[in-house]
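Inspection log for the structure reproduced underneath, given as structure tokens.
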Amino acid sequence: MPAKLRLAEASDLRAVQQIVHDAYVHYVERIGREPGPMTDDYAALIAEGRVQVLVDEALGPAGILVLIPQDGAMLLDNIAVAPGAQGKGFGRVLMDAADKAARAAGYDRIILYTHEKMVENIALYTRLGYRETHRVSEKGFNRVYMEKPL
């Protein structure tokens, strides 16, 4: 797979926003509003060095990964693959990169959250070794928190 993961730059902003939009827009009807990732400030996250972009030689920007260090764990804040790039193993590349980055930063676990109505995400993360830790309502979203030991 000829793809390279690198830190996003300011010039990647539109591509990052487009990937996120396209990856999440189908959830709007299901949850009744734009999911949290669609409203994040990607210009700020890029400036902070939190966003990585996966660039495929043939497809261009194919996915993004947002990691945020927390006390005690790395937060996998967002992972998104462009719909046209799905089914090609890019999601696995991004998930593996998240684990590797968390380990390299000295963490022994990685955490994430997703909306309770994104049931396919919950099932996927469970298959990848995550377990549910708790559910909360925050920022108007019913979120399911999950963690995985590294």
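Miscellaneous remarks
- Being surrounded by 15 or more Cβ atoms within 10 Å (Cβ to Cβ) and assigned to a loop (DSSP other than H, G, I, E, B) is a description that does not apply to Lys148.
- Pair list, Cβ under 9 Å, 6 or more apart: the stretch 124-150 residue among the β-branched types (Val, Ile, Thr), other residue in a loop (DSSP other than H, G, I, E, B) and buried (at least 17 other Cβ atoms within 10 Å of the Cβ): Val144/Met118
- Criterion: under 22 Å from Val144 (Cα atoms), crowded, with 17+ Cβ neighbours inside 10 Å and in contact (Cβ under 8 Å) with a residue 24 or more places away in the chain - qualifying residue of Ala82, Ala73, Ala8, Ala15: Ala73
- In the condition set (1) without any contact (Cβ under 8 Å) to a residue 40 or more places away in the chain; (2) loosely packed, with under 13 Cβ neighbours inside 10 Å, Asp108 is compliant with all but (1).
- Test set (1) in contact with a strand residue (DSSP E or B) (Cβ under 8 Å, 6 or more places away or on another chain); (2) under 17 Å from Gly87 (Cα atoms); (3) not basic (Lys, Arg) - Val16 fails condition number: (2)
- The residue list Asp77, Asp56 contains one member that is acidic (Asp, Glu), touching a helix residue (DSSP H, G or I) at 6+ places or on another chain (Cβ under 7 Å) and within 22 Å of Ser11 (Cβ to Cβ), which is Asp56.
- Lone qualifier among Arg92, Arg50, Arg127 - being surrounded by fewer than 14 Cβ atoms within 10 Å (Cβ to Cβ) and under 12 Å from the mean Cα position of the chain (by Cα): Arg92
- If the condition is being in contact with a strand residue (DSSP E or B) (Cβ under 6 Å, 6 or more places away or on another chain), over 11 Å from Leu150 (Cβ atoms) and among the small types (Gly, Ala, Ser), then the stretch 85-108 contributes Ala85, Gly91, Ala97.
- Qualifying residue in the stretch 19-40 (condition: surrounded by 13 or more Cβ atoms within 10 Å (Cβ to Cβ), among the small types (Gly, Ala, Ser) and farther than 24 Å from Met146 by Cβ): no
Bear in mind that the values in this text are calculations on the coordinates, not laboratory data. Since the structure is predicted, the reported quantities are computational estimates derived from the model, not experimental observations. Methodologically, a virtual Cβ is constructed for each residue, glycine included, from the backbone with ideal geometry; neighbour enumeration extends over all protein chains shown.
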